[in-house]
Amino acid sequence: MGEGDILPELVRGPITRHTLALFAGASHDHVPLHTDSDFARAAGMDDVFAHGMLSMAYLAQALRCWVSAERLLSWNVRFTAITPLHATVHCRGHVIERDGNRARLSIGAWTDRNLQTLDGTAVIALD
Amino acid sequence: MRIDRDAHVGVVSEPRTVTVEAGFLTFFAKATGETDPVYFDADAARAAGHPAIPAPPTYLFSLALSAPARRGDLFDADHGLGIDMMRVLHGEQRFTHHAPIHAGDVLILTTTTSDIYDKKGGALQFVVQETRAEDRAGVLRAEMRMVTVVRHG
């Protein structure tokens, strides 16, 4: 693994209302912005939208295609845009630098309209 | 309603004891389209060398939500910050993993409200909360830092 190496893209979705209902229950995130259209519209949104943590869970799966979960030391993202209903989530990453037995990756998620929704970094342990 | 920085920064929650439940891990795997059976099948997990189903790397977030703090909860109007759910967005999220977490583990969570700051002339407030997950032996297993955005106006 070296600088510039690219993580295989992982694609999930499209995000349906059913996806969001399941994730609300499974993740214990019961904020109604993600499951109740009336509530979301009253809050000024077009409709319900995906939990940021759903995309971050997908991103964890993408990272695991590359390295085992035990090697993920720390990682962070900023949620730069909401993921709308019916979007497809594209998780991507690449190596920024390798320093001894650690590598720092740039990671992110994009919708199928190429809107970046997550932007972050991950530090992984190498052999 | 604006959040009073002085009233909340530095507040530390009471410790909350949570058990990592296999059933919820299986449900989480289904809800996230997980394809690796290690995350939903205890036999597959053991065959892969895990003592039980492992918690995926974002799961501490869900554990914390499953046991809201009495002191310093984002939404609790009486004992916490009393934020209106209509006004929240998730701003940032960080995880630091120190040791694996598996089904059956008992963890003690403590959450500190570490900062509250404004952007866009006060139109947005950012609340930073940091959660530590220790096991009963006092070993730090994972930490997370959550930034919640509150939209005003």
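The values are calculated or read from the model by the stated rules, or taken from the named source; none is laboratory data. Since the structure is predicted, the reported quantities are computational estimates derived from the model, not experimental observations. Methodologically, a virtual Cβ is constructed for each residue, glycine included, from the backbone with ideal geometry; neighbour enumeration extends over all protein chains shown.
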### Residues (in contact with a helix residue (DSSP H, G or I) (Cβ under 6 Å, 6 or more places away or on another chain) and either assigned to a helix (DSSP H, G or I) or in contact (Cβ under 8 Å) with a residue 60 or more places away in the chain (or both)) located in segment B:28-45
B:PHE28, B:ALA29, B:ALA31, B:PRO37, B:VAL38, B:TYR39, B:ALA44, B:ALA45
### Query
Does any residue of segment B:37-50 turn out to be within 14 Å of chain A (Cβ to nearest Cβ) and in contact with a Gly (Cβ under 9 Å, 6 or more places away or on another chain)?
no
### Message
Looking at (1) touching a residue at least 24 places away in the same chain (Cβ under 8 Å); (2) more than 28 Å from B:ARG151 (Cα to Cα), which one does A:SER68 not meet, given that it meets all the others?
### Response
(1)
### Message
Checking B:GLY80 against (1) within 14 Å of chain A (Cβ to nearest Cβ); (2) crowded, with 17+ Cβ neighbours inside 10 Å, only one condition comes out false. Which one?
### Response
(1)
### Lone unmet requirement of (1) buried (at least 20 other Cβ atoms within 10 Å of the Cβ); (2) among the aliphatic types (A, V, I, L, M); (3) at pLDDT below 95 for A:MET1
(1)
#### Entry: Residues of segment B:46-93 satisfying the condition of being outside any loop (DSSP other than H, G, I, E, B) and free of Cβ contacts under 8 Å to residues at least 12 places away in the same chain
B:ARG46, B:ALA47, B:LEU65, B:MET85, B:MET86
### Message
For segment A:16-30, give me each residue that is in contact (Cβ under 8 Å) with a residue 12 or more places away in the chain, part of a loop (DSSP other than H, G, I, E, B) and at the interface with another protein chain (Cβ under 10 Å from one of its Cβ atoms).
### Response
A:ASP29
#### Entry: Test: B:VAL147 is in contact with a strand residue (DSSP E or B) (Cβ under 7 Å, 6 or more places away or on another chain) and within 10 Å of chain A (Cβ to nearest Cβ)
yes
### Query
How many residues does segment A:86-106 contain that are surrounded by fewer than 20 Cβ atoms within 10 Å (Cβ to Cβ) and hydrophobic (A, V, I, L, M, F, W, C)?
2
### Task
Keeping to segment A:60-69, report how many residues are crowded, with 16+ Cβ neighbours inside 10 Å and modelled with pLDDT under 95.
4
### Query
List the pairs whose first member sits in segment A:71-91 and is more than 11 Å from every other protein chain (Cβ to nearest Cβ), whose second member is charged (D, E, K, R) and in a strand (DSSP E or B), and whose Cβ atoms are under 8 Å apart, counting only residues at least 6 apart or on separate chains?
A:THR88/A:ARG12; A:CYS91/A:ARG12
### Task
Take segment A:72-127 and flag every residue that is part of a loop (DSSP other than H, G, I, E, B) and at pLDDT 95 or above.
A:THR80, A:ALA81, A:ILE82, A:LEU85, A:HIS86, A:ALA87, A:THR88, A:ASP112, A:ARG113, A:ASN114, A:LEU115
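What number of residues within segment B:1-13 are in a loop (DSSP other than H, G, I, E, B), in contact (Cβ under 8 Å) with a residue 60 or more places away in the chain and surrounded by fewer than 16 Cβ atoms within 10 Å (Cβ to Cβ)?
Residues that pass the stated criteria total 3.
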### Task
Being in a helix (DSSP H, G or I) and small (Gly, Ala, Ser) is the filter; apply it to segment A:57-71 and report the residue that is farthest from the chain's Cα centre (by Cα).
A:ALA69
### Query
How many residues, within segment A:41-56, are buried (at least 20 other Cβ atoms within 10 Å of the Cβ), more than 9 Å from chain B (Cβ to nearest Cβ) and part of a helix (DSSP H, G or I)?
1
#### Entry: Condition broken by B:THR110, with the remaining ones in (1) over 11 Å from the mean Cα position of the chain (by Cα); (2) more than 14 Å from every other protein chain (Cβ to nearest Cβ) satisfied
(1)
### Query
Residues B:ARG145, B:ARG94, B:ARG87: which one is touching a Gly at 6+ places or on another chain (Cβ under 9 Å) and of a type outside the set (Ser, Thr, Tyr)?
B:ARG94
